[in-house]
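The values are calculated or read from the model by the stated rules, or taken from the named source; none is laboratory data. Note that the coordinates shown come from a computational prediction; the quantities given were computed from them, not determined experimentally. As a convention, Cβ positions derive from the backbone with ideal geometry for all residues, glycine included, and neighbour counts pool all protein chains shown.
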């Protein structure tokens, strides 16, 4: 079994209420995010690839445009803009491209990350 990964970056703002992070988190603030998407499979005998990387590139570009320089609280379908929900949201948005094995979201400046692994059908 192989896993092909694609990384991308986006900058976005959010507010987080109801946490122990306090008033600072409740104010609008921004982060730089790094996302890594894994697609799992066996290489196609004709192409030699797990999936056409052009399809993955196009799908990643589309999701990046939806998130980059946006207020995450306003993204429909995301829910509360946590690392956990971002990872799930990106996985669901990219699932049409191929069998997503994982999505990891990193906030390197905070030393935080989250990985989501969708259930296999």
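Overview of values
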quantity	calculated
Cβ pairs under 7 Å, 6+ apart, first in the stretch 1-30 and surrounded by fewer than 12 Cβ atoms within 10 Å (Cβ to Cβ), second at pLDDT below 90 and part of a helix (DSSP H, G or I)	17/26; 19/25
Test result for residue 36, buried (at least 16 other Cβ atoms within 10 Å of the Cβ) and either modelled with pLDDT of 95 or more or on the phi < 0 side of the Ramachandran plot (or both)	yes
Residue within the stretch 50-59 that is farther than 20 Å from residue 82 by Cα and in contact with a helix residue (DSSP H, G or I) (Cβ under 6 Å, 6 or more places away or on another chain) present	yes
Count of the stretch 68-86 residues which are in a loop (DSSP other than H, G, I, E, B), under 15 Å from residue 11 (Cβ atoms) and in contact (Cβ under 8 Å) with a residue 60 or more places away in the chain	1
Candidates 119, 65 - the one that is more than 9 Å from the chain's Cα centre (by Cα), outside any helix (DSSP H, G or I), exposed (fewer than 14 other Cβ atoms within 10 Å of the Cβ) and free of Cβ contacts under 8 Å to residues at least 60 places away in the same chain	119
Subset of the stretch 76-115 (residues that are within 24 Å of residue 49 (Cβ to Cβ), surrounded by 17 or more Cβ atoms within 10 Å (Cβ to Cβ) and touching a strand residue (DSSP E or B) at 6+ places or on another chain (Cβ under 9 Å))	90, 91, 94, 97, 98, 100, 101, 102, 103, 104
Candidate set: the stretch 31-51, residues that are in contact (Cβ under 8 Å) with a residue 40 or more places away in the chain and part of a loop (DSSP other than H, G, I, E, B); chosen: the one nearest to residue 95 (Cα to Cα)	51
Selection from the stretch 14-30 of residues that are within 16 Å of residue 87 (Cβ to Cβ) and assigned to a strand (DSSP E or B)	14
